[in-house]
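K.L.:
Provided herewith is a single structure, encoded as structure tokens, for subsequent inquiry.
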Amino acid sequence: PAPDRDSGSLRLFRCLELIQSFGYQVTFAAANLEYRLPYALELQQRGIEVLYAPFIVSVERYLRDWGRYHDTVLLSRADTAERYLPLVRRHAPQARVIFDTVDLHFLREQRLAALHDSTALAAAAAQRKAQELALIRAADVTLVVSEAERELLGAELPQAYIEIVSNIHETRPVS
């Protein structure tokens with residue numbers, strides 16, 4: 001994650017820190033296995049293991065070889081979760097899967113479609129909604145950023161286990 005670049009990255013960075021603060025060993029892998037400075041180094045300096053190429057050939061191979069040692073896997077963002085959730089279930093069946101939506105993309109896309117009165121955007125939003133709801137059904141726990149999102153998902157999927165983790169920001173005194 002590049003916490004100085006976007007809110008989703010800041011959220012993931014803070015979540016990794018939070019999980020580690022509870023005493024867990026944390027391992028991070030970017031979907032592209034890139035070792036991006038200064039971000040990967042900052043994670044490592046905090047004691048978070050970073051998986052990256054060329055030492056890790058693929059996330060799938062890593063999961064095949066090491067998945068049995070993981071108790072929990074956090075998948076951030078729908079496209080990443082869609083790609084890796086089946087692999088986690090196959091290679092780490094004992095692991096609890098947490099899907100962090102970062103935010104409900106389908107909701108944002110629905111609003112954009114309505115704003116532009118676009119059937120094409122509405123169709124894309126409907127596809128995104130189907131994707132996100134399928135991931136929520138498949139995950140053990142889903143994280144959302146607000147009570148409004150939890151209520152919306154509760155109406156759609158009352159059986160889903162949804163928790164709120166708001167975005168985590170440091171406060172600084174105003175001078």
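K.L.:
Can Val144 be described as under 26 Å from Leu63 (Cβ atoms), open to solvent by less than 50 Å² (accessible area, probe 1.4 Å) and in contact with an Asp or Glu (Cβ under 8 Å, 6 or more places away or on another chain)?
P.N.:
It is true that Val144 is under 26 Å from Leu63 (Cβ atoms), open to solvent by less than 50 Å² (accessible area, probe 1.4 Å) and in contact with an Asp or Glu (Cβ under 8 Å, 6 or more places away or on another chain).
K.L.:
Here is a further query. If you go through the range 124-165, how many residues are within 13 Å of the chain's Cα centre (by Cα) and either part of a helix (DSSP H, G or I) or more than 30 Å from Pro93 (Cβ to Cβ) (or both)?
P.N.:
3
K.L.:
Right, here's the next one. Would you check if there is a residue in the range 47-58 being outside any loop (DSSP other than H, G, I, E, B), over 18 Å from Leu16 (Cβ atoms) and open to solvent by less than 80 Å² (accessible area, probe 1.4 Å)?
P.N.:
For the range 47-58, residues outside any loop (DSSP other than H, G, I, E, B), over 18 Å from Leu16 (Cβ atoms) and open to solvent by less than 80 Å² (accessible area, probe 1.4 Å): absent.
K.L.:
Listed residues Arg137, Arg172; which is farther than 20 Å from Ser7 by Cβ and not polar (S, T, N, Q)?
P.N.:
Only one candidate passes the filter, namely Arg137.
K.L.:
Then there is this: Name every residue in the range 108-117 that is open to solvent by 30 Å² or more (accessible area, probe 1.4 Å) and touching a residue at least 12 places away in the same chain (Cβ under 8 Å), in order of residue number.
P.N.:
The answer is Glu109, Gln110, Leu112.
K.L.:
If I filter the range 23-46 down to residues being part of a loop (DSSP other than H, G, I, E, B) and touching a Phe, Trp or Tyr at 6+ places or on another chain (Cβ under 7 Å), which single residue comes out as least open to solvent (accessible area, probe 1.4 Å)?
P.N.:
Among them, the one singled out is Leu33.
K.L.:
Separate question: Quick one: how many residues across the range 66-90 are free of Cβ contacts under 8 Å to residues at least 60 places away in the same chain and open to solvent by 80 Å² or more (accessible area, probe 1.4 Å)?
P.N.:
8
K.L.:
Is it the case, given these coordinates, that Leu18 is within 18 Å of Val144 (Cβ to Cβ), open to solvent by 60 Å² or more (accessible area, probe 1.4 Å), modelled with pLDDT under 95 and outside any loop (DSSP other than H, G, I, E, B)?
P.N.:
In short, yes.
K.L.:
Moving on. Could you tell me which numbered condition Leu63 fails, if it satisfies all but one of (1) part of a loop (DSSP other than H, G, I, E, B); (2) open to solvent by less than 60 Å² (accessible area, probe 1.4 Å); (3) more than 18 Å from Ser7 (Cβ to Cβ)?
P.N.:
That leaves (1) as the condition not met.
K.L.:
On the given criteria, is Ala120 in a helix (DSSP H, G or I), among the aliphatic types (A, V, I, L, M) and surrounded by 14 or more Cβ atoms within 10 Å (Cβ to Cβ)?
P.N.:
no
K.L.:
Right, another one. Just to check your reading of the model, which residue among Ile168, Ile98, Ile136 is of a type in the set (A, V, I, L, M), open to solvent by 20 Å² or more (accessible area, probe 1.4 Å) and at pLDDT 95 or above?
P.N.:
On inspection, the qualifying residue turns out to be Ile98.
The values are calculated or read from the model by the stated rules, or taken from the named source; none is laboratory data. This one's a predicted model, so the numbers in the text were calculated from it and none came from an experiment. Please note: Cβ atoms are built from the backbone with ideal geometry, for glycine as well, and neighbour counts cover all protein chains shown. All accessible areas refer to the heavy atoms of the entire protein, side chains included, with ligands and DNA or RNA removed. Shrake-Rupley method; radii C 1.70, N 1.55, O 1.52, S 1.80 Å.
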